[in-house]
Amino acid sequence: MQDAYPTRLNKPLDTLWVERREGVVRGSADEGPLSRAQLDEFERKGFLFEPNFISGEELDELRRELDALLSRDDFRGRDFSITEPDSQEIRSLFAVHFLSQRFARLAHDERLVGRVRQILGGEAYVHQSRINYKPGFEGKGFSWHSDFETWHAEDGMPAMHAVSASIVLTDNHEFNGPLMLIPGSHKVFVPCLGETPDDHHRQSLKRQEFGVPGREALRELVARHGIEAPKGAAGGLLLFDCNTLHGSNANMSPDPRSNVFFVYNRRDNACVEPFAARRRRPSFLAHGLDELWTPQD
């Protein structure tokens with residue numbers, strides 16, 4: 001079967017991108033908590049920001065859980081714990097809904113799952129979960145990328161039936177490296193150059209070099225659609241399509257930026273063999289359908 005989204009190529013295609021084949025919003029406004037206007041915004045831009053999704057004691061509890069996980073010395077040096085390129089500060093902690101009962105409850109909370117079901121038009125499972133932490137002064141940026149490109153190339157995700165839910169746990173402002181997105185970029189797939197190295201995740205989670213779209217495509221997409229960086233107080237929810245191009249700058253402020261992040265993949269879109277890698281990434285990065293995981297895996 002021909003790959004609809006070829007990537008990690010030896011030479012560029014004759015076009016900067018290929019058109020997306022799948023629909024974006026597959027459900028309707030009467031099937032969940034999102035309004036018609038919100039679904040239309042997600043369809044158009046590829047993301048939706050909802051301020052004050054969580055507040056009060058619930059937010060405080062999640063922040064305490066974040067601090068507890070990041071302070072676990074026994075997590076340092078483990079595969080699922082990714083440190084900054086130039087320090088031992090934790091940058092990302094994966095499989096958090098298996099490491100924490102509190103985050104497990106959040107991952108399966110109907111407030112999130114209902115929104116996801118509404119967007120994807122069907123039941124979903126957690127393909128990946130993580131905490132992203134960008135410490136003050138030292139937090140490095142993330143290159144422009146489409147998550148789907150990596151999940152397709154290295155995890156074997158067949159089609160664009162996935163959505164990410166990111167809950168902001170510390171205030172996001174223009175100085176601490178907020179997430180930047182290119183609205184409308186989810187409607188096209190930008191193939192990337194370069195064969196995937198073995199065990200690519202060991203390097204890419206610190207500094208990504210493969211799976212990064214070319215500058216000509218980025219320049220054209222930004223010229224057409226611009227860049228947006230949703231900002232706001234802790235507790236906001238950012239939902240974004242698996243193929244929306246996004247990245248972030250370094251955090252040069254004293255204020256850390258952190259969020260908890262759940263990727264939901266539609267159950268009939270479970271991963272197969274990788275499309276552009278010799279073997280699938282470890283299970284802490286790409287959970288199988290109904291798969292359980294422990295730190296010993």
Read phi for every residue in the stretch 231-243 and hand back ³J(HN,Hα) as whole Hz from Karplus 6.51 cos²θ - 1.76 cosθ + 1.60, θ = phi - 60°, with x for Gly and Pro. 10, x, 6, 3, x, x, 10, 10, 9, 9, 5, 4, 9
Using a 7 Å offset from the Cα along the Cα-to-Cβ direction at both R278 and D30, what is the distance between the two label points in nm, to one decimal? 5.4 nm
Residue-averaged 222 nm ellipticity for the chain, from DSSP H runs of 4+ at -39500 (n - 2.57), nearest 500: -6000 deg cm²/dmol
Ranking request for peptides 116-123, 270-277: highest mean number of other beta-carbon atoms within 10 Å first, then the rest in descending order. 116-123, 270-277
Using a simple charge model, +1 on the beta-carbon of Lys and Arg, -1 on the beta-carbon of Asp and Glu, nothing else, what dipole does the chain show about its Cα centre, in debye to the nearest 20? 420 debye
Unsatisfied cross-links (Cα-Cα over 27 Å) in the set K11/K231; K11/K134; K45/K134; K187/K231; K45/K231: K11/K231; K11/K134
Given unit charges at Cβ for Lys, Arg (+) and Asp, Glu (-), the dipole magnitude of the stretch 18-124 about its Cα centre in debye, nearest 20, is 280 debye
Efficiency of FRET between A68 and E19 - r from beta-carbon atoms, R0 51 angstrom, step 0.05: 0.70
From the residues S71, L59, S81, which one has its Cα farthest along the dipole of the stretch 41-86 in the positive direction, the dipole being from +1 and -1 charges on Cβ of Lys/Arg and Asp/Glu about the Cα centre? S81
Per-residue HN-Hα couplings for the stretch 124-135 [Karplus 6.51, -1.76, 1.60; θ = phi - 60°; Hz; x = Gly/Pro]: 9, 10, 7, 6, 7, 9, 6, 9, 9, 10, 10, x
Peptides 61-67, 35-41: what's the order by average Cβ count within 10 Å, highest mean first? 61-67, 35-41
In the set (1) 22.3; (2) 19.3; (3) 21.3, which value of Kirkwood radius over Cα pairs in Å was calculated from the structure you see? (2)
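Values quoted throughout were computed directly from the atomic coordinates according to the rules given, and no laboratory measurement underlies them. Because the structure is predicted, anything quoted here is derived from the model rather than measured. A quick note on method: Cβ atoms are made from the backbone with ideal geometry, for glycine too, and the neighbour counts reach across all protein chains shown.
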